[in-house]
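Novice: Just passing along the structure, written as structure tokens.
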Amino acid sequence: MRILIFGATGVLGRATVPHLQGHAVAGTTRAPGKLPALAALGVDGIVCDAYDRAAVDQAARAFRPDVVVNFLTDLAGGPGPGNARIRREAAPNVTAAARAAGARRLVVESIAFPTAPESQAAVAALEQDAEGSGLATLIVRFGRLWGPGTWSAGRAAAPAIEIAEAGRRAAPLITGASTGVVLLADD
């Protein structure tokens, strides 16, 4: 299976990729300096700004994925505007590129916990975009991620899931055939 992960260098992407062995995996990053890290994970790295619709489309068409995964976040910018923007503006680029490239499946990272009204509206827009894609779509609502590389070194408030466990459990969802909405949390 050919899997293209937008946001592959993010904490969830890095936790998931090792569990996708046996598949052809490509992943995007905005930072050329992160390409060696992707190569070390066995991922074909693609430098791509998710806000650049043409670049996203080109990346997807060049790789010809069966499955497109949207793990895009802007966690470096903290909670709020950065994540809301990426969900509203970049997610539709990924969805359109998945369709244009002939992918048959779309997997989208969402959240399973309440957040500020602006963020909640952006999450709703992200999910509506995915559900309206015309592709076999799976929305994965993750609990608060905790552990190395996340905002919380210790267990986060419920619903929560440790990052390594989130990656292990996300991989079969990506390669599987289920559609709809799935909750990934330990509690």
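No lab work stands behind these numbers, since they all come straight from the coordinates. Worth saying up front: this structure is predicted, and the values here are computed from it rather than measured. Cβ atoms come from the backbone with ideal geometry, glycine included; neighbour counts cover every protein chain shown.
Novice: Of [x] 1.06; [y] 0.92; [z] 1.01, which one was derived for Rg/Rh (Cα atoms, Kirkwood Rh) from the structure shown?
Specialist: So the structure-derived entry is [y].
Novice: Show the residues, 5+ positions off or on another chain, whose built amide H is closer than 5 Å to the amide H of L184.
Specialist: R141, F142, G143
Novice: Points 7 angstrom from Cα along the Cβ direction at F113 and A76: gap in nanometres?
Specialist: 2.3 nm
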